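Since the structure comes first, as structure tokens, the remarks are kept for the end.
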Amino acid sequence: MADRLGGEIGAGRMNDVDYARIRRAWESVRVDPSRARAFADAVRSNGAGACVHPSGARDLPVRAARHDLLTRQVLLGTVEDGERNPWARRGTALALDPEVLGTSLVAVGPSGSGKTRHLVRPVVEALALQALAGQAAVVAVGSAGARLGPDSAYDIVVRIGDPESVHDLDLYGGATDPDEAAGLLAEAFVGDVPGAEVRRAATALAQLLGPFHTARGRFPSVPELRDLLDPAGDASDALRRELEAAGQPAMLRELDARSRQRGAPGDPAPALADRLALLDRPAFHGFFDTSGQSRPFSVRAMEHPIRVRVDLPERGHAGASRMLARLLLAQFNASVAARTDRSLFAFLAFDDASHTLTPETVRGVQRLRSANAGVLLTLRTLDDVPDGLRTPLLGAVGCRMAFSGVTTWDGKRFAEAWGTEWVETRDVTHRTVFADQPLTRAIHAFRKLVTGKAVTTDAVTVRQVERERWSASDLAHAVPPDHAVLSLTSVRGERAAPLLVRLAGSS
């Protein structure tokens, strides 16, 4: 085997992805020696192409960033050689890897500050390469037209609202339990509504999903679920007759409970139906199919080294796009926590996470690091997050990034999150010297006559004072274009103070 691989390297037929993939396969053999024969046969037969990714790809069609697959790092930029950074870090390269991405990252910057070009694209590209090496699974979510790489760089591309899309999106995230599916839908539909009771909404949905799944062996499609929520429709009556014929008294009680609550004060069904109407549009005809006639992508597929891109119809259907983004985040939090095999690093990247976060999803982000998973959330401003979630969000993630051009209001939140540090200050006080002796006074008078200045002495006071690492004003006005201030935390708890970074690719 070693001779075969050595020959492949000498002939230039083995790249860094091949090395990382075969190395990971060899590590699995060391854990489970029963795989040794299959591994040896694969290497002898295919050489550098052994243990290849299911797609057959051994590299990405194009790379927009510099990668080190041995350390699983992607170069983000260079620490600025200036007084704002610690002396030991000035001029050093700064890279990201799963060790820090596993604590999740929030990046804030206005449009045009380079969030997609300098952060989202390199990170997604790095994890796509690691997926080809059998080390990671990644889902990138952005609006249609976002520059997150060519279609050939992904195994699955879901274009919501595009009739040419080969793949669909599983509205229920692969869940088979009606209560779990109802909870995910409720979080997406009304989780962002101030004062909405997500638990009541989940109960109302479960009272419909359970009977429907029992009667027909699947969950309802969007039009079917909307009809069930409509108090004037007869879908519930038809479902009741099917359950009576099948002899399902438990599910009939669920329908009876939903009927008693229908129209009562605080009934969440009207709000759910209004939100569901955003997906029951002609543009989405054929999507979110549950009959088995489409090829839906489920977040539960992230137990495998998969590369996925989801294009949301932000331009014409902003409300539906935000709702689907909330759904994907809720499904991701639930699915990665339930994985039996957590050896793969699972990652979800949002090119724009505006109006995506809810109290429950923020709590879910906090639990990702123990599940070998993480998320990347980019925002134009923290105002796109509900007021009560801005501080919890910055506390839930381990990595925070402020791009050039943030407002002082956003800068204040980052300054509070980064805290203060002790610095040494030197105060110099100039005091005029008054002489007691006549000769000395004469000399001082002559010196003042010649120089025009009175004779003084300096008093130096050295103090330790506590100051903000980065103030709101500095973040808003002292960060140059194509730069960002970034703090990192690893999954082991190691921390790097906020650093001013010149982003890769900038002049």
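A simple charge model with +1 on the Cβ of Lys and Arg, -1 on the Cβ of Asp and Glu and nothing else charged puts the dipole of the chain at about 1660 debye relative to its Cα centre. Under a 5 Å amide H cut-off, with hydrogens placed 1.01 Å from N, Ile160 pairs with Asp311 among residues at least 5 apart or on other chains.
Using alpha carbons only, how many angstrom separate the centre of segment 302-337 from the centre of segment 384-412? Answer, in whole Å: 22. Annotation: per residue accessible area for the chain equals 48 Å², rounded to a whole number [probe 1.4 Å, protein chains only].
On full extension, the segment bounded by Ile9 and Ala144 gains 44.6 nm, given 0.36 nm per residue less the C-alpha separation. Taking a ≥ b ≥ c as the square roots of the eigenvalues of the Cα gyration tensor, segment 301-396 is classed as oblate, since a/c reaches at least 1.5 and a/b does not exceed b/c.
For Ala136, the residues whose modelled amide H falls within less than 5 Å of its own, excluding neighbours fewer than 5 places apart on the same chain, are Ala131, Phe345. Positive contributions from Lys and Arg (+1) and negative ones from Asp and Glu (-1), summed over other residues with Cβ under 13 Å from the Cβ of Arg300, come out at -4. Overall, the accessible surface of the chain at a probe of 1.4 angstrom is composed of carbon and sulfur to the extent of 50 percent.
Ala277 label point, 7 Å along Cα→Cβ, cut-off 18 Å on backbone N: hits in segment 216-258? Residues passing the 18 Å test: 222-235.
Once you list every other residue whose beta carbon is under 10 Å from the beta carbon of Gly77, what net charge do they have if Lys and Arg are +1 and Asp and Glu are -1?
Working: positive: Arg502; negative: Glu80, Asp482.
With Lys, Arg at +1 and Asp, Glu at -1, the neighbours total -1.
The C-alpha atoms of the chain define a longest principal axis, and helix 235-246 lies at about 60 degrees to it.
What shape does segment 367-443 have by the C-alpha gyration tensor, where a ≥ b ≥ c are the square roots of the eigenvalues, rounded means a/c under 1.5, and otherwise prolate means a/b greater than b/c and oblate the rest?
On the way: a/c = 5.45, a/b = 3.54, b/c = 1.54.
Note, shape of segment 367-443 comes out prolate.
As a calculated quantity, the FRET efficiency between Asp81 and Glu416 at R0 = 30 Å, using C-beta atoms, amounts to about 0.60.
What shape does the chain take by its C-alpha gyration tensor, where a ≥ b ≥ c are the square roots of the eigenvalues and a/c under 1.5 counts as rounded, a/b above b/c as prolate, and the rest as oblate?
Working: a/c = 2.95, a/b = 1.57, b/c = 1.88.
Cα axes put the chain in the oblate bin.
Of all DSSP-defined beta bridges confined to the chain, some 50% are antiparallel rather than parallel. Rounded to the nearest Hz, the phi-derived 3J(HN,Hα) couplings of segment 414-420 under the Karplus curve 6.51 cos²θ - 1.76 cosθ + 1.60 (θ = phi - 60°) are 5, 4, 5, 5, 7, x, 10, where x marks glycine and proline.
Which whole-number percent gives the relative contact order of segment 284-396, counting Cα pairs below 8 Å spaced six or more residues apart? Show your work: numbers first, answer last.
Working: 105 pairs, mean separation 27.4, N = 113.
Contact order relative to length: 24 percent.
In what sequence, highest mean first, do 177-185, 155-163, 23-31 appear when ranked by Cβ atoms within 10 angstrom?
Details: 177-185: 21.0, 155-163: 18.9, 23-31: 13.1.
In decreasing order of mean packing, 177-185, 155-163, 23-31 become 177-185, 155-163, 23-31.
Two numbers describe the Cα atoms of segment 297-351: Rg and Dmax, which are 12.4, 39 Å.
Say R0 is 51 Å: what FRET efficiency, to the nearest 0.05, do Ala338 and Arg426 get from their beta-carbon distance?
Numbers: r = 57 Å, r/R0 = 1.12.
E(calc), rounded to 0.05, equals 0.35.
Please compute the net charge surrounding Leu184, taking Lys and Arg as +1 and Asp and Glu as -1 over other residues with Cβ under 15 Å from its Cβ. Taking every Cβ under 15 Å from that of Leu184, the sum is -2. Each peptide in 66-76, 401-411 was scored by the mean count of other Cβ atoms within 10 Å over its residues; highest first, the order is 401-411, 66-76. For the listed peptides 49-56, 204-211, 491-498, 326-333, a ranking on the average number of other beta carbons within 10 Å per residue, highest first, reads 326-333, 204-211, 49-56, 491-498. Pairs of Cα atoms nearer than 8 Å and 6+ residues apart set the relative contact order; for segment 213-339 it is 25 percent. Here is the P(r) of segment 1-136: all C-alpha pair distances, binned every 5 Å from 0, give 2, 9, 15, 17, 17, 13, 9, 7, 5, 3, 1, 0 in whole percents. Only one residue of Ala64, Leu105, Asn46 has its Cα farthest out toward the positive end of the dipole of segment 1-120, where Lys and Arg carry +1 and Asp and Glu -1 on Cβ, and that residue is Asn46. Taken one residue at a time, the phi angles of segment 112-129 give Karplus couplings (6.51, -1.76, 1.60, θ = phi - 60°) of x, 7, x, 4, 6, 5, 9, 10, 5, 4, x, 5, 4, 4, 4, 6, 5, 5 Hz. Gly and Pro are set to x.
Across segment 47-57, rounded Karplus estimates of 3J(HN,Hα) from the backbone phi angles (6.51 cos²θ - 1.76 cosθ + 1.60, θ = phi - 60°) give x, 5, x, 5, 6, 5, 4, x, 6, x, 6 Hz, Gly and Pro being marked x. In the complete set of protein chains, residue-level accessible area for Glu314 is approximately 70 Å², probe 1.4 angstrom. Full extension of the chain segment joining Asp237 with Arg260 gains 6.9 nm, where the gain is 0.36 nm per residue of separation less the Cα-Cα distance.
Return the calculated 222 nm mean residue ellipticity for the chain, to the nearest 500 deg cm²/dmol, obtained by summing -39500 (n - 2.57) across DSSP H runs with n ≥ 4 and dividing by the residue count. Write down the numbers at each step before the final one.
On the way: 17 runs with 194 residues, N = 507.
Rounded to the nearest 500, the figure is -11500 deg cm²/dmol.
The values are calculated or read from the model by the stated rules, or taken from the named source; none is laboratory data. Computed from a predicted model, the values in this text were never measured in an experiment. No Cβ is skipped: glycine too gets one built from the backbone with ideal geometry, and neighbour counts run over all protein chains shown. We work out accessible area using only protein heavy atoms, side chains counted, and drop any ligands, DNA or RNA first. Shrake-Rupley method; radii C 1.70, N 1.55, O 1.52, S 1.80 Å.
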